[in-house]
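J.: One structure, pasted below without further comment.
The values are calculated or read from the model by the stated rules, or taken from the named source; none is laboratory data. All values reported here derive from a predicted model rather than from experimental measurement.
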Amino acid sequence: IIIALPTRIHIEPKKVAEQEVEYPVFAVWEGLDIGRDQITPVSHEYQSPFTFSGTLKSLSFQLD
């Protein structure tokens, strides 16, 4: 199942981008991974499992 949701990018305090993006509906046990992707990659550019090796200084997640 694919759903389309509005996706926004903010560089505080200003919204710099907004676009509707299609997302696959994940299994309820998958959850939200931050800094790593254990099961389902969000892009075909890499394969799971994948661990982000950079630095996350801030993260904000909001469901409306």
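J.: Name, by its number, the condition in (1) modelled with pLDDT of 80 or more; (2) under 15 Å from the mean Cα position of the chain (by Cα); (3) part of a loop (DSSP other than H, G, I, E, B) that does not hold for residue 32.
T.: Every listed condition holds for residue 32 apart from (1).
J.: Next up: So for region 1-18 (the condition being of a type in the set (D, E, K, R) and modelled with pLDDT under 75), does at least one residue qualify?
T.: Within region 1-18, none of the residues are of a type in the set (D, E, K, R) and modelled with pLDDT under 75.
J.: Tally the residues that are of a type outside the set (S, T, N, Q) and modelled with pLDDT of 75 or more, restricting the search to region 35-64.
T.: 11
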